[in-house]
Number of protein chains: 2
Amino acid sequence: MTYEDRLFAALADPTRRAIFERVAGRRQSVAELARGMPVSQPAISQHLKVLKEARLVRDEPSGARRIYSIDPEGLGPLRAWLDRFWSDQLAAFKAVVETADDN
Amino acid sequence: MTYEDRLFAALADPTRRAIFERVAGRRQSVAELARGMPVSQPAISQHLKVLKEARLVRDEPSGARRIYSIDPEGLGPLRAWLDRFWSDQLAAFKAVVETADDN
DNA sequence: ACTTATAATAAGCCATGACTTATGAAGATA
DNA sequence: TATCTTCATAAGTCATGGCTTATTATAAGT
């Protein structure tokens, strides 16, 4: 499983994406996340593990708690991938599709 | 299942992403895709169906074949989502994380 | 008309993944 | 030390999803 695979897979689950968005909004602990979401604490921990392995979040101990925050560079590869299809190349391709019709 | 969910889910599978990338590179038929990939034709069709429902590809009949091409606007929502965490906001957040340490 | 090519769908199999409850480890607090 | 909180991991359940082969429909070519 490549790094890119892990990244896309991590973002695929809605609950996990919600966790990521919360963490991105404000760094917080596991219990705090669990309180605000309709799943158990272990579920949260499991999601955080996946997000961490995809380098989307970092964690830092703070006493008995563990504070999770966004990893600023984690979305870099996603943007890089996206940019391969966006902008000029895509616009050009779009034009080709609309005009030409060679079979 | 929301539209965003469908988009992320569609991109999560490596095989499906490979299909999308091929189609983005050059519009082609199902058989053509099947020939170049290590899965069966029905598998390709199933993936294309998911990609189409996520609005990532379009299809157009051409005789007995069906030509699939990229949908230029399909990646828009992904970029929109990404931009919510990128740039200014993320840079600012990164700075906060690195300087402050309020628990 | 018959055969071939193309592609979608149906049905079934199997691995993966998202969740649960139970438990244990590590720190904080009395 | 004893208790409470916090969090990760283990184990088990269940649904989903990606694949296969089989089949059908449609179009092309002979």
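Every read-out reported here was derived from the displayed coordinates using simple, explicitly stated rules and does not represent laboratory data. The structure displayed is predicted, hence computed values, not measured ones. Positions of Cβ are generated from backbone atoms using ideal geometry, with glycine treated the same way; all protein chains shown enter the neighbour counts.
What the phi angles of the stretch A:41-47 give under the Karplus curve with 6.51, -1.76 and 1.60, with θ = phi - 60°, is a coupling list of 4, x, 4, 4, 4, 5, 5 Hz, glycine and proline written as x.
The same position A:Glu73 in the other copies lies at 3.7 nm from this copy, comparing label points 7 Å beyond Cα toward the beta-carbon, shortest first.
Among residues of chain B, the one whose beta-carbon sits closest to the B-to-A rotation axis is listed with its distance in Å as B:Ala12, 2. Inter-copy label distances at B:Lys52, shortest first and taken from points set 7 Å along Cα to Cβ: 4.3 nm.
Set the Förster distance to 30 Å, then compute FRET efficiency between B:Tyr3 and A:Ser62 from the Cβ-Cβ distance, nearest 0.05. For B:Tyr3 and A:Ser62, the calculated efficiency is 0.20.
Looking only at other chains, what is the average number of their beta-carbon atoms within 10 angstrom of each beta-carbon in B:5-17?
4
Put +1 on the Cβ of every Lys and Arg and -1 on every Asp and Glu Cβ in the stretch B:3-99; which of B:Gly76, B:Phe8, B:Ser40 then has its Cα farthest towards the positive end of the dipole? Checking the options against the dipole of the stretch B:3-99, the answer is B:Ser40. Placing a label point 7 Å from Cα along the Cα-to-Cβ axis, A:Arg35 is separated from the same position in the other copies by 6.2 nm, shortest listed first.
Counting, for every residue in A:21-27, the Cβ atoms of other protein chains within 10 Å of its Cβ and taking the mean gives 3.
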